[in-house]
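Here the structure comes first, spelled out in structure tokens, and everything after it is commentary.
The values are calculated or read from the model by the stated rules, or taken from the named source; none is laboratory data. Just so you know, these numbers come straight off a predicted model, no measurement behind them. Using ideal geometry, Cβ is built from the backbone for each residue, glycine included, and neighbour counts are taken over all protein chains shown.
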Amino acid sequence: MPVESNKTTKQIIILTALTIFLLIIDQVSKAFVRAHVTLGEYIPILSKYLGITYSQNTGAAFGIFSDGTVILTVISTTMAVFCLWLFFNTRKVSQLNNIWGRLSLSLLFTGAVGNLIDRLFLGFVTDWIKLPPIPNFNVADSCITIAVVVIIVFIFLPMIFKKNDHA
């Protein structure tokens, strides 16, 4: 087996384990909050700067698509399937055929599936992390946000700087 293929296989195994771990953390933390925190209750961790507030989100980030569970379920499902396909076919997209591309796809998949599970079984997404002034969010949302940062910093910016070097 070539060294590059062996390296890719190890990355896939590690990132698959990371995805499973993060999905478990996401679902367990949401279940814990639903079971132990009253809807709307604020439990301070760092005074008013960080805490737990249980909220039920029927929309998307920042309140868009409020009561859009059906359309968001379709979008999440499509996103998850697309990320999964890309994850195992990164050789077809050179910008994603590296650890950063695979990591970002793993995190996007985790976020999409974590919130999709809530939408399918509860009809809403459980948000619980309160970090003012940002609206409440959860572990799945954090995965999506980190994936976007990874894509920008490790994929888009190098492409831009590489293009400018040849100009």
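Of all residues in the range 95-125, how many are among the polar types (S, T, N, Q) and closer than 30 Å to TYR54 by Cβ?
Initial filter on the range 95-125 (among the polar types (S, T, N, Q)): 95, 97-98, 104, 106, 110, 115.
Then keep just the ones that are closer than 30 Å to TYR54 by Cβ; that gives 104, 106, 110, 115.
Of the residues in the range 95-125, 4 are among the polar types (S, T, N, Q) and closer than 30 Å to TYR54 by Cβ.
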- the range 62-92 - residue that is under 18 Å from LEU15 (Cα atoms) and of a type in the set (Val, Ile, Thr) and, of those, nearest to the chain's Cα centre (by Cα): VAL81
- Message: Residues that are touching a Leu at 6+ places or on another chain (Cβ under 6 Å), in a strand (DSSP E or B) and under 20 Å from CYS143 (Cβ atoms): does the range 56-65 have at least one?
- Response: no
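Specify the residue that is nearest to PRO44 (Cα to Cα); the eligible residues are those in the range 114-147 that are within 8 Å of the chain's Cα centre (by Cα) and among the β-branched types (Val, Ile, Thr). Quick ask: steps written out before the conclusion?
Filtering the range 114-147 for residues within 8 Å of the chain's Cα centre (by Cα) gives 114, 139-147.
This time we only want the ones that are among the β-branched types (Val, Ile, Thr), so: 139, 144-146.
Numbers: VAL139: 18, ILE144: 25, THR145: 23, ILE146: 24 Å.
Applying the filter and picking the extreme gives VAL139.
Suppose we filter the range 33-51 for residues that are surrounded by 14 or more Cβ atoms within 10 Å (Cβ to Cβ) and closer than 24 Å to LEU120 by Cβ; how many remain?
Looking only at the range 33-51, we keep the residues that are surrounded by 14 or more Cβ atoms within 10 Å (Cβ to Cβ), and these are 33-34, 37, 43, 51.
Subsequent filtering for residues that are closer than 24 Å to LEU120 by Cβ retains 33-34, 37.
Qualifying residue count for the region: 3.
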- Query: Quick check: is even one residue across the range 16-31 surrounded by fewer than 16 Cβ atoms within 10 Å (Cβ to Cβ), without any contact (Cβ under 8 Å) to a residue 12 or more places away in the chain and aromatic (Phe, Trp, Tyr)?
  - Reply: yes
- Message: Criterion first (among the aliphatic types (A, V, I, L, M) and not in a helix (DSSP H, G or I)) does ILE152 satisfy it?
- Response: no
- Message: So, in the range 93-103, exactly how many residues are closer than 16 Å to GLN11 by Cα and not in a helix (DSSP H, G or I)?
- Response: 2
- Which one of PRO135, PRO158 is in contact (Cβ under 8 Å) with a residue 24 or more places away in the chain, over 20 Å from LEU23 (Cα atoms) and either in contact with a Phe, Trp or Tyr (Cβ under 8 Å, 6 or more places away or on another chain) or in a helix (DSSP H, G or I) (or both)? PRO135
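ASP127 - would you say it is surrounded by 14 or more Cβ atoms within 10 Å (Cβ to Cβ), assigned to a helix (DSSP H, G or I) and charged (D, E, K, R)? Quick ask: steps written out before the conclusion?
Values: surrounded by 14 or more Cβ atoms within 10 Å (Cβ to Cβ): yes; assigned to a helix (DSSP H, G or I): no; charged (D, E, K, R): yes.
Judged against the criteria, ASP127 is not a match.
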- Message: I'd like to know if the range 19-33 contains one or more residues that are in a helix (DSSP H, G or I) and either farther than 16 Å from ASP141 by Cα or touching an Asp or Glu at 6+ places or on another chain (Cβ under 6 Å) (or both).
- Response: yes
- Within the set of pairs 6+ apart or on separate chains, which have a first residue in the range 86-113 that is surrounded by fewer than 21 Cβ atoms within 10 Å (Cβ to Cβ), a second that is modelled with pLDDT under 95 and not in a helix (DSSP H, G or I), and C-beta atoms under 6 Å apart? THR90/ASN97; ARG91/ASN97
- Lone unmet requirement of (1) at pLDDT 95 or above; (2) over 15 Å from the mean Cα position of the chain (by Cα); (3) more than 24 Å from GLY123 (Cα to Cα); (4) not charged (D, E, K, R) for THR9: (1)
- Message: The conditions are (1) out of contact with any Lys or Arg (no Cβ under 8 Å at 6 or more places or on another chain); (2) not in a loop (DSSP other than H, G, I, E, B), and LEU72 fails exactly one of them. Which is it?
- Response: (1)
